[in-house]
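Taking it in order: structure first as structure tokens, then the write-up.
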Amino acid sequence: MAAASVVRAVRRRSGRLFDIFVAEVPWTVSTKELKEYFSQFGSVQRCQLPFDKDTGFHRRYCWIKFSTQQDVQNVLQKDSHILEGAKLTLKQQPHRRRSQRKNQSE
């Protein structure tokens, strides 16, 4: 338990989270399917697929958070990613803490 809290504290201080932005996600793909697909490249910590409150459909993009930088590199090394016949567009996201985002927008 103590080791896990130390790891979380180090990650909070460093702000080092390894995220990928995924665009062109087909309407029929769910969070579960995205997690399953990207788990072949490494340990997926989180998949965030935002939904539109008015339509009830997801917005066709998501963020994937991996456990390590190597997992991210594994994903980026593959030339193309295709889910349900649609080619996904991937971009590595530099992670910034909320406090950093707020300060930059002022």
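Normalised by residue count, the stretch 19-92 yields a Cα convex hull volume of 77 Å³ per residue. Mean separation of Cα pairs under 8 Å and 6 or more residues apart, divided by the residue count, gives the stretch 19-92 a relative contact order of 44 percent.
Summary of the geometry: the stretch 69-93 and the stretch 40-54, compared by the centres of their Cα atoms, lie 14 Å apart. Here the 3J(HN,Hα) profile of the stretch 57-63, calculated from phi with Karplus coefficients 6.51, -1.76 and 1.60 at θ = phi - 60°, is 8, 6, 8, 6, 8, 7, 10 Hz, Gly and Pro shown as x.
Residues TRP63, TRP27 ordered from highest to lowest accessible area at a 1.4 Å probe: TRP27, TRP63. Counting protein heavy atoms only, the stretch 19-92 has 48 percent of its accessible area on carbon and sulfur, 1.4 angstrom probe.
The values are calculated or read from the model by the stated rules, or taken from the named source; none is laboratory data. What you are looking at is a predicted structure, and each value in this text was computed from that prediction instead of being measured. All accessible areas refer to the heavy atoms of the entire protein, side chains included, with ligands and DNA or RNA removed. Shrake-Rupley method; radii C 1.70, N 1.55, O 1.52, S 1.80 Å.
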